[in-house]
There are 2 protein chains.
Amino acid sequence: MSFSMSKASLPAIEIGLNALSGVLDKAQAFATAKKVDPSVLLGTRLCPDMFALTRQVQIASDLAKNGMARLAGVEPPRFEDTETTIDQLKARLAKTVAYLKTLDAKKIDASADRDITFPLGPTNKGHMKGDDFLNHFVLPNVYFHLTAAYAILRHCGVEIGKSDFLGAIPMKRT
Amino acid sequence: MSFSMSKASLPAIEIGLNALSGVLDKAQAFATAKKVDPSVLLGTRLCPDMFALTRQVQIASDLAKNGMARLAGVEPPRFEDTETTIDQLKARLAKTVAYLKTLDAKKIDASADRDITFPLGPTNKGHMKGDDFLNHFVLPNVYFHLTAAYAILRHCGVEIGKSDFLGAIPMKRT
């Protein structure tokens, strides 16, 4: 099997989003054990002008769904940002993974030289070739927000480690 | 130009490491302006059992150099972890980028089905196929530590934003 843009993205993003869902399970267990309202965790930021945990999860979902949809040449669905509980955020992640599975891998593979235009904030637009968009925007940004969500929970004291971040990767350990 | 493992990794990792070097410049400027010893920033952790900034930079360098060397089928050089200043960490990043440029992209491209064995801590070993190793171990881990380093500095109050994290990506903005 040859390497391709879809192989370099869909499985890793799905594993990463599912791993974040598992990290959120540990956050829920931590909140229960410590008798802390889970909304405290969801509202935690690493600094005042960085997004809180809820928004980090929503943005990881958006970047994955919007980025991969653009590469597949389809209009991404809009997910309302209404989640207020860990269960709702886990459902958002599951919905994102389910959506990624509907995308046409062949269209993604054929997008390397296609010009991709995407919103950068409310007024600006970014323009990149498809392969650059995947390698230099979608993947770094998805991993950024997956890591930020994880780091917020580590900062709060949730007992998670690198293997929780990596998730169900196809690795044999001896 | 077709997509390949080297195209999916070397340019993005180099841009990410160079971006971290730029983030460290802003950390140095912050320390000077606030009359803070830079070693305070270098010793900051997001929680007591997470690595401090210096170690995050060293590990990002190691994962990039060791991961890509293994895919290229060569023995990675060992970099001693002796850095104690921002300038030394920037030199470590520059040395890592220079090393990545010496790797044979064709060997990396041909490694998709090769079995890769790599150390996991002091006693264990991980085993993955080359393409899985790139997509599910090297890239997520490199981005994890690049983001952790960035997040530590945001947490300290250094004025950096997402574009500092992404670095010199090939994007046109309108």
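The values are calculated or read from the model by the stated rules, or taken from the named source; none is laboratory data. These numbers were taken from a predicted model, which means no experiment stands behind them. Every residue, glycine as well, gets a Cβ built from its backbone with ideal geometry; the counts of neighbours run over all protein chains shown.
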> Only one of (1) more than 14 Å from chain B (Cβ to nearest Cβ); (2) farther than 21 Å from B:Asn141 by Cα fails for A:Val57. Which number is that?
Replying inline: (2)
> Inside region B:24-50, can you point out the residues that are of a type outside the set (Ser, Thr, Tyr), touching a Cys at 6+ places or on another chain (Cβ under 9 Å) and outside any helix (DSSP H, G or I)?
Replying inline: B:Val36, B:Cys47
>> Can you say whether B:Ser21 is at pLDDT 95 or above, under 23 Å from B:Ile169 (Cα atoms), touching a helix residue (DSSP H, G or I) at 6+ places or on another chain (Cβ under 6 Å) and in a loop (DSSP other than H, G, I, E, B), as far as the supplied structure shows?
In response: no
> Across region A:1-17, which residue is surrounded by the fewest Cβ atoms within 10 Å (Cβ to Cβ) among those that are of a type in the set (A, V, I, L, M, F, W, C) and part of a loop (DSSP other than H, G, I, E, B)?
Replying inline: A:Met1
> Quick one: how many residues across region B:155-167 are in contact with a Gly (Cβ under 9 Å, 6 or more places away or on another chain) and part of a helix (DSSP H, G or I)?
Replying inline: 3
>> Given the options A:Ser4, A:Ser39, name the one that is under 26 Å from B:Phe137 (Cα atoms) and either within 14 Å of chain B (Cβ to nearest Cβ) or out of contact with any His (no Cβ under 8 Å at 6 or more places or on another chain) (or both).
In response: A:Ser4
> What helices (runs of 4 or more DSSP H) lie completely within region B:67-141 and have 1 or more residues being exposed (fewer than 15 other Cβ atoms within 10 Å of the Cβ) and not aromatic (Phe, Trp, Tyr)?
Replying inline: B:86-102, B:105-109
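Residues checked against (1) out of contact with any Pro (no Cβ under 8 Å at 6 or more places or on another chain); (2) in contact (Cβ under 8 Å) with a residue 24 or more places away in the chain; (3) under 30 Å from B:Asp131 (Cα atoms):
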site	(1), (2), (3)
B:Phe30	yes, yes, no
B:Val36	yes, no, no
B:Ala52	yes, yes, no
B:Ile59	yes, yes, yes
B:Gly67	yes, yes, yes
B:Arg78	yes, no, yes
B:Asp81	yes, yes, yes
> Hey, any hits in region A:106-121 for a residue that's of a type in the set (Ser, Thr, Tyr), within 10 Å of another protein chain (Cβ to nearest Cβ) and either touching a Lys or Arg at 6+ places or on another chain (Cβ under 6 Å) or over 23 Å from A:Leu42 (Cβ atoms) (or both)?
Replying inline: yes
> Can you pull out the residues in region A:23-43 that are surrounded by fewer than 16 Cβ atoms within 10 Å (Cβ to Cβ) and not acidic (Asp, Glu)?
Replying inline: A:Lys26, A:Ala29, A:Thr32, A:Ala33, A:Lys34, A:Lys35, A:Val36, A:Ser39, A:Val40, A:Gly43
>> Could you check region B:100-121 and list, in sequence order, the residues that are over 11 Å from B:Ser4 (Cβ atoms) and without any contact (Cβ under 8 Å) to a residue 60 or more places away in the chain?
In response: B:Thr102, B:Asp104, B:Lys107, B:Asp113, B:Arg114, B:Asp115, B:Ile116, B:Thr117, B:Phe118, B:Pro119, B:Leu120, B:Gly121
> Do we find that A:Val97 is closer than 24 Å to A:Gly161 by Cβ, among the β-branched types (Val, Ile, Thr), in contact (Cβ under 8 Å) with a residue 24 or more places away in the chain and more than 14 Å from every other protein chain (Cβ to nearest Cβ) in this structure?
Replying inline: yes
> Quick one: how many residues across region A:130-174 are among the aliphatic types (A, V, I, L, M), at the interface with chain B (Cβ under 7 Å from one of its Cβ atoms) and closer than 29 Å to A:Ile116 by Cα?
Replying inline: 3
> With B:Thr147, B:Thr85, B:Thr96 as the choices, which residue is more than 17 Å from B:Ala19 (Cβ to Cβ) and among the β-branched types (Val, Ile, Thr)?
Replying inline: B:Thr85
